[in-house]
Amino acid sequence: MKKTGVIAARTAVLAAAAVMIAAGIFRGEVGIILHKAAMICFECIGIG
Amino acid sequence: MKISIAIKRKIIQVIALILMNPYIGNLKDGNLYKGSWKKFCSPGLNCYSCPAAGLSCPIGALQAVNGSIELKWSFYAIGLMCAFGILLGRAVCGFLCPFGLLQELLHKIPFPKKKLPFWPKLIKYGMLVVIVLMLPVIITNAAGMGEPFFCKFICPVGTIEGGIPLLITHQEIRSMAGALLAFKIVIAALIVIGCLIVSRFFCKVLCPLGAFYGFFNRISFVQLETDHTACTSCGKCSKVCPMDVNPSKNPNSMECIRCGKCIDQCEKGAIYFKNMI
Ligand code: SF4
Ligand code: SF4
C-alpha cells in the first residue's frame, strides 16, 4: 500500500476507534464490563 | 554487545504479564480484584476471572456487552481493539499477550514438533465472526440475554488462569463443577498438547483476538520490511518463523506476530522493523 494510503487508513481507524470508545462509554457499556469482570465469570471457569 | 530482539522481547513479555496481572497475592485466597482498572481491557487475552488480573479481557468484555439484554453490540471493546490493532497489529501477540508467552514456554518442552497445513489457520476467523460476535447476539434466553460462547466452551485461558486457582481456593465452586468443566478441561488439555507439538497452536488456529489484530498488520504502526537488494533468498528467516510466514516475500502477513526471530536470524540484515511513523 502507498504511504499516503497507509496514513489515511491509520487516521481513519484511529478516529473510528476514538468514536467507538466514546460511544461505548456514553451507552453505559463500561458498567456492564466492570460488573462482569469484578465477579467470578462462571462461564469462563467452566461452571455455568 | 548487541542485545537480540529475542531477549528484549522476553523482557517485555514478562513486564506485560506482570502489568496485566499485578494482584498475584490474590491467588492465595482466590479473591478477584474489583477496582476501576477493570473498566479497561488489556491488549492481549487475559481472563478477568483470574484473581491476579488487573484489567478486563477484550474478548470477554466484547461478549458480555454483545450478550447483554439492551445493548447487543460493544462499541467500547471493539474501539479499544481497533486502537491496539492500529498501533501494534499482531505485535500485541508477540510482545504483550500472556497466553502467547505461556504457549512459547510450552513449546520449549521436548516433544515431537510439527507444522500445520494452511487450512486450520482459517478456523480462528470463524471463532471471531460466529462464536464471539454473532452467537451471543443471536442465541438468547427468554429474557433476551446471550452467553459468552467463546469463554464458556472454548477459551483455555479462562480454564487455566481463572478456573484452576478458583477451584483450588473455593470449596463451593468445586461443589458446582460438572460436565461443562470436564469439557473445558479436555479442550484446554488438547490445546496444551497442540502447543507442545505446534508453535503457538492456539494463536494459529483458535484465537479470535489474534485473528482480529491480523487485519491491521498491513497498516499498523509496527511494520516489517524486507530489503530485496540484500536478501539472498536463503530461506533462513522462514525456517525460524514460529508462525510459518515467509517474511522475505510477505513481511506484513496477517499471521506475523512481529516476534523478530527472522530479523535476528538474517545475517544480511535484509529484514527490519520499518520507521514506524
Ligand atoms: S493470537 Fe491470541 S492468544 Fe495468541 S498471542 Fe495473540 S491475542 Fe494472545
Ligand atoms: S515473519 Fe518474522 S517477525 Fe513475523 S512471526 Fe515470523 S519470525 Fe516473527
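Values as computed for the structure displayed
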quantity: Top-ranked residue of the range B:95-122 - restricted to ones that are aromatic (Phe, Trp, Tyr) and part of a helix (DSSP H, G or I), ranked as least open to solvent (accessible area, probe 1.4 Å); calculated: B:Phe99
quantity: Enumeration of residues in the range B:235-251 that are touching a Lys or Arg at 6+ places or on another chain (Cβ under 8 Å) and open to solvent by 40 Å² or more (accessible area, probe 1.4 Å); calculated: B:Val240, B:Asp244
quantity: Yes/no for A:Ile45 being touching a helix residue (DSSP H, G or I) at 6+ places or on another chain (Cβ under 6 Å) and either of a type in the set (Val, Ile, Thr) or touching a residue at least 24 places away in the same chain (Cβ under 8 Å) (or both); calculated: yes
quantity: Exclusive hit being buried (at least 21 other Cβ atoms within 10 Å of the Cβ), in the same structural domain as B:Gly100 (by TED's automatic domain parsing), more than 20 Å from B:Ser4 (Cβ to Cβ) and more than 10 Å from ligand 2 (Cβ to nearest atom), set B:Phe183, B:Phe201; calculated: B:Phe201
quantity: Residue within the range B:162-172 that is in contact (Cβ under 8 Å) with a residue 12 or more places away in the chain and in contact with a Ser or Thr (Cβ under 6 Å, 6 or more places away or on another chain) present; calculated: yes
quantity: Pairs with Cβ under 8 Å, 6+ apart, first in the range B:33-51 and more than 16 Å from ligand 2 (Cβ to nearest atom), second of a type in the set (Lys, Arg); calculated: B:Tyr48/A:Lys36; B:Tyr48/B:Lys38
quantity: Matching residues, the range B:206-234, being in a helix (DSSP H, G or I) and open to solvent by 10 Å² or more (accessible area, probe 1.4 Å); calculated: B:Phe212
quantity: The range B:252-277: number of residues that are open to solvent by 50 Å² or more (accessible area, probe 1.4 Å) and either within 16 Å of ligand 1 (Cβ to nearest atom) or among the aliphatic types (A, V, I, L, M) (or both); calculated: 4
quantity: Of all residues making up the range B:53-96, the number that are away from ligand 1 (no atom under 16 Å from the Cβ) and free of Cβ contacts under 8 Å to residues at least 40 places away in the same chain; calculated: 8
quantity: Residue list for the range B:143-176, restricted to those being of a type in the set (Gly, Ala, Ser) and crowded, with 17+ Cβ neighbours inside 10 Å; calculated: B:Gly146, B:Gly158, B:Gly162, B:Gly163
quantity: Which listed residue is within 16 Å of ligand 2 (Cβ to nearest atom) and among the charged types (D, E, K, R), from B:Lys121, B:Lys114; calculated: B:Lys121
quantity: Filter pass, B:Ala182 being closer than 25 Å to B:Leu116 by Cα, aliphatic (A, V, I, L, M), at pLDDT 95 or above and assigned to a helix (DSSP H, G or I); calculated: no
quantity: Qualifying positions in the range B:1-34 - open to solvent by less than 60 Å² (accessible area, probe 1.4 Å), more than 11 Å from B:Cys50 (Cβ to Cβ) and of a type in the set (S, T, N, Q); calculated: B:Ser4, B:Gln13
quantity: Leading residue by the ranking (nearest to ligand 2 (Cβ to nearest atom)) among those in the range B:219-255 that are under 22 Å from B:Val205 (Cα atoms), more than 19 Å from the chain's Cα centre (by Cα) and within 14 Å of another protein chain (Cβ to nearest Cβ); calculated: B:Pro251
quantity: Residue list for the range B:159-193, filter: within 16 Å of ligand 1 (Cβ to nearest atom) and more than 13 Å from B:Leu102 (Cβ to Cβ); calculated: B:Gly162, B:Ile187, B:Leu190
quantity: Any pair with Cβ under 6 angstrom, 6 or more apart, that starts in the range B:135-159 at a residue that is more than 12 Å from every other protein chain (Cβ to nearest Cβ) and ends at one that is open to solvent by less than 10 Å² (accessible area, probe 1.4 Å) and in a helix (DSSP H, G or I); calculated: B:Val137/B:Asn66
quantity: Sole residue being of a type outside the set (Asp, Glu) and more than 10 Å from chain A (Cβ to nearest Cβ), chosen from B:Ala52, B:Ala83; calculated: B:Ala52
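The values are calculated or read from the model by the stated rules, or taken from the named source; none is laboratory data. Note that the structure is predicted; figures quoted are calculated from it, not measured. Please note: Cβ atoms are built from the backbone with ideal geometry, for glycine as well, and neighbour counts cover all protein chains shown. Accessible surface areas use protein heavy atoms only, side chains included; no ligands, DNA or RNA. Shrake-Rupley method; radii C 1.70, N 1.55, O 1.52, S 1.80 Å.
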